[in-house]
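Asks: Supplied in structure tokens, the structure appears directly below.
The values are calculated or read from the model by the stated rules, or taken from the named source; none is laboratory data. In this text, all values refer to a predicted model and were calculated from it rather than measured experimentally. Positions of Cβ are backbone-derived with ideal geometry, glycine not excepted, and every protein chain shown enters the neighbour counts. Areas reflect the complete protein model, heavy atoms only, side chains present, ligands, DNA and RNA absent. Shrake-Rupley method; radii C 1.70, N 1.55, O 1.52, S 1.80 Å.
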Amino acid sequence: MKRCPLKPVLAILLSALALPVVAAPLQFSITELGVFTPTGINNQGQVSGWTNGFDGQAAVLWNGSAVTPIAPLSGSSFAYGVNDAGKVVGSYGDQQSRAFSYAANTVDSIAPGGSSALAVNNAGQIAGSVEADGSTHAYIYSNNKLNDINSGASGSGSIANALSNNGHVTGVRWDSDLSERHAFIYANGTTTDLSSVVQGYSTGTGINDKGQVIMTVDAGDPNARKSYMYAN
């Protein structure tokens with residue numbers, strides 16, 4: 001049996017390793033949505049938001065090919081989120097805002113005056129804020145019922161900014177003296193104030209189905225703001 005000399009084989013391998021690596025061209029696409037402010041996107045590619053006009057703002061939904069106004073909504077209106085079923089939530093009105101949901105070409109008011117809907121999950125639950133007890137209270141709207149989830153004594157307040165698919169909420173809460181504002185998590189009927197986790201003024205801005213929360217934190221100075229993720 002004839003053996004292949006080892007040195008020529010090693011030389012070939014080393015030459016191959018020395019060849020320059022040519023990176024594959026980056027593949028991407030970009031779509032112009034139109035002249036509006038986007039606020040949320042679902043897994044179908046639909047985008048919620050609002051347009052600015054001479055008569056104020058108007059809530060809209062980009063459905064994959066065109067921007068569609070959400071109507072009828074009186075006064076200025078804003079769309080803040082959309083779930084995978086295409087349900088949109090937001091607020092409308094000039095003198096006093098009112099939370100709404102929009103699905104199947106139908107608008108429903110889901111809370112009284114002084115309210116806003118800021119998030120919707122794939123179970124159809126909605127979270128936001130509503131005026132109550134002389135302050136602002138976070139709520140979850142589910143099964144056609146608005147559930148006040150504010151924690152604290154009279155005069156305390158809260159806003160629900162984000163909602164996971166399993167019904168957990170994050171946002172910001174404060175006591176009646178308004179001395180500090182703290183990020184919170186609401187889960188299974190219990191509110192957890194995150195002031196012991198991060199010091200300073202904090203706001204929960206997003207939550208996923210694993211219970212991970214993103215928040216911004218500052219010590220009263222917006223220029224010194226930092227971002228954190230809370231988990232476990």
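Asks: Most fluctuating residue of VAL82, VAL172, VAL197 in a GNM of the chain with Cα springs under 10 Å: which is it?
Replies: Checking each option, the largest mean-square fluctuation is seen for VAL197.
Asks: A follow-up question, please. In nm², what is the average projected area of the convex hull enclosing the Cα atoms of segment 105-232? Present the calculation step by step, with values, prior to reporting the outcome.
Replies: Details: hull surface 33.8 nm².
Average projection, Cα convex hull of segment 105-232: 8.5 nm².
Asks: Just to confirm, what accessible area per residue do you get for the chain at 1.4 Å probe, in whole Å²? Write out the running numbers ahead of the final one.
Replies: Numbers: 13670 Å² over 232 residues.
For the chain, the solvent-accessible area averages 59 Å² per residue.
Asks: Where does the chain land at 222 nm, in deg cm²/dmol rounded to the nearest 500, when only DSSP H runs of n ≥ 4 count, each adding -39500 (n - 2.57), divided by all residues? Numbers along the way, then the final one.
Replies: Working: 1 runs with 13 residues, N = 232.
When only DSSP H runs of four or more count, the value is -2000 deg cm²/dmol.
Asks: Heads up, I need the accessible area for ASP175: 1.4 angstrom probe, whole protein in place, Å², nearest 10.
Replies: Answer for ASP175: close to 80 Å² accessible.
Asks: If I fit a long axis through the Cα atoms of helix 6-18 and take the longest principal axis of the Cα atoms of the chain, what angle between them do I get, 0 to 90°, rounded to 10?
Replies: The angle comes out at about 30 degrees.
Asks: State the answer as a single residue: which of SER142, SER97, SER65 lies farthest towards the positive end of the charge dipole of the chain, with beta carbon charges of +1 for Lys and Arg and -1 for Asp and Glu, about the Cα centre.
Replies: Of SER142, SER97, SER65, it is SER65.
Asks: Have a look at ALA224, GLN125, TRP174 and report the one farthest towards the positive end of the charge dipole of segment 120-232, computed about the Cα centre with Cβ charges (Lys/Arg +1, Asp/Glu -1).
Replies: Selected residue: GLN125.
Asks: Take the Cα pairs of segment 158-232, get the Kirkwood Rh, then feed it into Stokes-Einstein at 25 °C and 0.890 mPa s and tell me D in µm²/s.
Replies: Numbers: Rh = 12.2 Å.
D, rounded to a whole number, is 201 µm²/s.
Asks: Something else about it: Taking only the C-alpha atoms, wrap a convex hull around the chain and report its volume per residue in Å³ as a whole number.
Replies: Dividing the Cα hull volume of the chain by its residues yields 259 Å³.
Asks: At 1.4 Å probe size, with the rest of the protein present, what percent of the exposed accessible area of segment 113-185 is carbon and sulfur atoms?
Replies: Details: 1170 of 2800 Å².
Within segment 113-185, the accessible surface is 42 percent carbon and sulfur.
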